[in-house]
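Scroll down for the structure; my scribbles are underneath it.
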Amino acid sequence: MKLISYVHGGTESWGAVMGEHIADLASRTGYATLAEFLGSPAFQHRDTYLPEAPTLRLDQVALLPVIPRPEKIVCVLRNYLDPTQAQAVSQADLPAYPPLFLRTWRSQAAHNAPIVHPKESNALDWEGELAVVIGKAGRRIPEDQAYEYVAGYACYNDGSVRDWQAHARQIASGKNFEGTGGFGPWLVTADEIDPARPLRIQTRLNGEVVQDGDTSQMIFGIPRLINYISTIVTLVPGDVIVTGTPAGSGFTRKPPRFMKPGDVCEVEIDGIGVLRNPIIMQE
Ligand code: MG
């Protein structure tokens with residue numbers, strides 16, 4: 001099932017995508033937000049809430065980030081082997097622990113909404129990533145139980161303001177400008193994704209492929225990330241883990257390359273869909 005958050009007629013809601021239509025599930029389930037629903041017993045019986053003939057069309061709503069206000073957005077730095085260098089990287093060169101940082105929810109942008117280029121920067125970069133959305137609260141989750149805590153998956157563009165990221169050793173300033181992190185187009189429930197199968201992740205800038213990797217290149221896989229993060233803090237329904245980006249970000253190129261107003265950036269992941277964001281300059 002594909003689940004979305006959206007605004008219709010000035011009211012925030014959420015629901016399931018049914019072809020070109022939407023089933024409004026806030027009204028049908030009684031849960032005000034998608035995050036609450038993911039953590040509820042009703043989520044296990046989600047098919048029973050679908051109407052036979054939904055009347056709301058997808059093009060009548062404005063999408064929100066899949067989870068508009070997660071309690072936590074925990075991101076992993078890079079986390080992918082570069083296939084062109086994989087043979088040269090020895091085990092000793094790999095990090096022993098996942099390097100983490102946090103984004104705040106105001107830094108997110110919905111599918112089709114603009115990613116906002118800060119006027120204070122000339123270095124807005126793309127990072128196509130797989131987002132894991134938590135569906136069950138847990139602390140110190142064992143790796144062999146980790147997938148039981150996953151509600152679903154989405155595409156993320158961990159948009160990064162590189163010059164601000166480089167102001168200090170801590171990169172938070174470059175990872176939290178408002179409206180720089182695309183999150184969408186929807187959550188695909190975990191039953192539709194086989195975690196054993198590598199998922200291809202492709203980022204395109206104005207149609208040109210700029211990143212092309214797959215999840216088999218992850219240094220720390222999803223169970224390890226869930227185990228590690230939940231050792232620190234309780235993961236709760238609606239939390240988002242942004243799992244790192246394959247090779248090919250703009251700042252790693254020679255010469256560096258960044259997103260400009262008027263560009264369109266897309267992140268496509270197998271079995272999930274295409275997250276698309278136009279880039280606009282901040283007014
Ligand atoms: Mg990233």
Highest GNM mean-square fluctuation among S121, S90, S249, for the chain with Cα springs under 10 Å, belongs to S90
Once amide H atoms are placed 1.01 Å from N in the peptide plane, what residues at a sequence separation of 5 or more from V150, or on another chain, have their amide H within under 5 Å of its amide H? G135
Coordinate range along principal axes, alpha carbons of the chain, Å, largest first: 53, 46, 29
Counting Lys and Arg as +1 and Asp and Glu as -1, each charge on the Cβ, what is the dipole of the chain about the Cα centre in debye, to the nearest 20? 680 debye
Sorted by packing (mean other beta-carbon atoms within 10 Å per residue), highest first, where do 274-281, 142-149, 208-215, 165-172 land? 274-281, 208-215, 142-149, 165-172
Using packing as a proxy for protection, rank 259-266, 29-36 so that the peptide with the highest average count of other Cβ atoms within 10 Å comes first. 29-36, 259-266
For the chain, the charge dipole (Cβ of Lys, Arg +1; Cβ of Asp, Glu -1; about the Cα centre) points to a positive end, and the Cα of C75, P223, L275 closest to that extreme belongs to C75
Net charge near A26, counting Lys/Arg +1 and Asp/Glu -1 over other residues with Cβ under 14 Å of its Cβ? -1
Under 5 Å from the placed amide H of N79, counting only residues 5+ away or on other chains, we find T245
Sort 112-119, 68-75, 196-203 by packing, meaning the average of other beta carbons within 10 Å per residue, with the highest value first. 68-75, 112-119, 196-203
List the residues, sorted by chain then number, that are 5 or more residues from I201 or on another chain and whose placed amide H is less than 5 Å from its amide H. G213, D214, T215
Whole-Hz ³J(HN,Hα) from phi, Karplus 6.51 cos²θ - 1.76 cosθ + 1.60, for the stretch 143-150, glycine and proline x: 4, 6, 10, 4, 5, 5, 9, 9
I'd like the orientation of helix 222-232 relative to the chain: the angle between its Cα long axis and the longest Cα principal axis, in ° from 0 to 90, rounded to 10. 90 degrees
What list of ³J(HN,Hα) values in whole Hz, one per residue of the stretch 261-268 in order, does the Karplus curve 6.51 cos²θ - 1.76 cosθ + 1.60 (θ = phi - 60°) give from phi, with Gly and Pro shown as x? x, x, 6, 10, 10, 10, 10, 10
The stretch 1-147: relative contact order from alpha carbon pairs under 8 Å, six or more residues apart, as a whole percent, is 22 percent
Give or take rounding to whole Å, what are the principal axis extents of the alpha carbon atoms in the stretch 96-156, in descending order? 44, 30, 18
Karplus (6.51, -1.76, 1.60) ³J(HN,Hα), θ = phi - 60°, over the stretch 186-193, in Hz, Gly and Pro reported as x: 7, 8, 9, 5, 4, 5, 9, 10
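Read-outs throughout are calculated quantities, based only on the coordinates presented, and are distinct from any laboratory measurement. Remember, predicted model here, so these are calculated numbers, not experimental data. Here the Cβ is made from the backbone with ideal geometry for all residues, glycine too, and neighbour counts use every protein chain on show.
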